[in-house]
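**Student:** Dropping the structure in here first, questions after.
The values are calculated or read from the model by the stated rules, or taken from the named source; none is laboratory data. Quick caveat: nothing in here was measured; it's all calculated off a predicted structure. Please note: Cβ atoms are built from the backbone with ideal geometry, for glycine as well, and neighbour counts cover all protein chains shown.
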Amino acid sequence: MSKSRIRTVIEMIKLEHSVFALPFALVGAMLAARAGGRTLPTWQQIAWIIVAMVGARSAAMTMNRIADLHYDRLNPRTQSRALVTGQLSLQFAWLFTLISAAVLVFAAAQLNHLALELSPVALAVLFFYSYTKRFTTWSHLVLGFCLGMSPAAAWIATRGSLDLRMLILCAAVTLWVAGFDVLYACQDVEFDKQVGLFSIPNQFGIARALAIARGMHIMMVALLAWLAWSFTLAWPAWAGIALVAGLLTYEHSLVKVNDLSKINAAFFEVNGYISLLFLLFWGAAAIVSRP
């Protein structure tokens, strides 16, 4: 595969956006190691978790591009995407999806039996999301859950079982992603109306959609506080929550009903900082806090 083709594939799957989910998965793995009396997961566990995450996300993103190809051809915002322009063929996209899915399953098999058994379930959820805008206003929550699964999956990968407290973090990540996806969807309100796709901005209007997104993010912060308390985490976790709350406040200040020009900055830059700072502060809390 040529370098230009590799760059096209990386652009199609938005590999750089892995920063959104991966830090939360790594925190899940670190909390699992802490619960098991260790400071950190093994390097082998971390490596296979990362491989599994990249495989899962690559399969999900490519499937999304396949499922949305018809709409991407119609939407002026997406007409430069590789499958639309013919830079990548539909046959290649299907093959890449299958290979990426196989990478996830293989990585899960290297971790433990439960991770392997649940890998097809994860893929089913990821692929299901690609069709939800066709029939539900709340597809944003399905997308959120696709990323929200990652901390629980990482706990399972590390321990071979699941602590129900991780569902708090799953819910927090779900609401975080759903909230910023609502903001992002504000760009496509008119297009969604024309082609009959569903979204919160389309259903409720941009002003109410922004309020719903704010509500989701307030709930996310509250869930993080509940999780830090339930694991009796040290002060870095609480400092991390304060930073996340501050960045979310800034994110919402960028997006206004009559000015959506800064949505990309809110979506990509601010949320990237949120996930990385969460990993830094909560990772430190997991290390210094006693089980």
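**Student:** If you scan the stretch 69-108, which residues turn out to be within 23 Å of Ser4 (Cβ to Cβ) and outside any helix (DSSP H, G or I)?
**Tutor:** If the condition is that a residue be within 23 Å of Ser4 (Cβ to Cβ) and outside any helix (DSSP H, G or I), then Gln79, Ser80, Arg81, Gly86, Gln87, Leu88, Ser89 are the ones that fit.
**Student:** Give the number of residues within the stretch 112-147 that are more than 23 Å from Pro201 (Cβ to Cβ) and either among the β-branched types (Val, Ile, Thr) or assigned to a helix (DSSP H, G or I) (or both).
**Tutor:** 15
**Student:** Moving on to the next point. Determine whether Thr137 is modelled with pLDDT of 95 or more, crowded, with 17+ Cβ neighbours inside 10 Å and either over 30 Å from Gln44 (Cβ atoms) or touching a helix residue (DSSP H, G or I) at 6+ places or on another chain (Cβ under 6 Å) (or both).
**Tutor:** So Thr137 does not fit the description; no.
**Student:** Given the conditions (1) within 13 Å of the chain's Cα centre (by Cα); (2) of a type outside the set (Phe, Trp, Tyr); (3) more than 26 Å from Ile6 (Cβ to Cβ); (4) crowded, with 17+ Cβ neighbours inside 10 Å, which single one is not true for Leu111?
**Tutor:** The failed condition is (1).
**Student:** Quick one: how many residues across the stretch 248-286 are under 28 Å from Pro201 (Cβ atoms) and either surrounded by 17 or more Cβ atoms within 10 Å (Cβ to Cβ) or among the aromatic types (Phe, Trp, Tyr) (or both)?
**Tutor:** 18
**Student:** For Val182, are the conditions met, namely being closer than 19 Å to Met216 by Cβ, hydrophobic (A, V, I, L, M, F, W, C) and surrounded by fewer than 22 Cβ atoms within 10 Å (Cβ to Cβ)?
**Tutor:** Considered against the rule, which asks whether it is closer than 19 Å to Met216 by Cβ, hydrophobic (A, V, I, L, M, F, W, C) and surrounded by fewer than 22 Cβ atoms within 10 Å (Cβ to Cβ), Val182 comes out as no.
**Student:** Which fully enclosed helices (runs of 4 or more DSSP H) of the stretch 148-256 have 3 or more residues being among the aromatic types (Phe, Trp, Tyr) and under 17 Å from the mean Cα position of the chain (by Cα)?
**Tutor:** Output list reads 166-185.
**Student:** Need pairs with beta-carbon distance below 9 Å; first residue at negative phi and at pLDDT 90 or above and within the stretch 80-99, second surrounded by fewer than 12 Cβ atoms within 10 Å (Cβ to Cβ) and not in a helix (DSSP H, G or I); sequence gap 6+ or separate chains.
**Tutor:** Leu83/Ser89; Thr85/Gln79
**Student:** Within the stretch 257-269, which residues are in a helix (DSSP H, G or I) and either basic (Lys, Arg) or more than 14 Å from the chain's Cα centre (by Cα) (or both)?
**Tutor:** Listed by number, the residues that qualify are Ile263, Asn264, Ala265, Ala266, Glu269.
**Student:** In addition: Residues of the stretch 5-53 being among the small types (Gly, Ala, Ser) and either surrounded by fewer than 19 Cβ atoms within 10 Å (Cβ to Cβ) or at pLDDT below 90 (or both), which ones?
**Tutor:** Residues satisfying the conditions are Ser18, Ala21, Ala35, Gly36, Gly37, Ala47.
**Student:** Further question: Looking at this structure, is Ala47 free of Cβ contacts under 8 Å to residues at least 12 places away in the same chain, under 17 Å from Gly283 (Cβ atoms) and part of a helix (DSSP H, G or I)?
**Tutor:** yes
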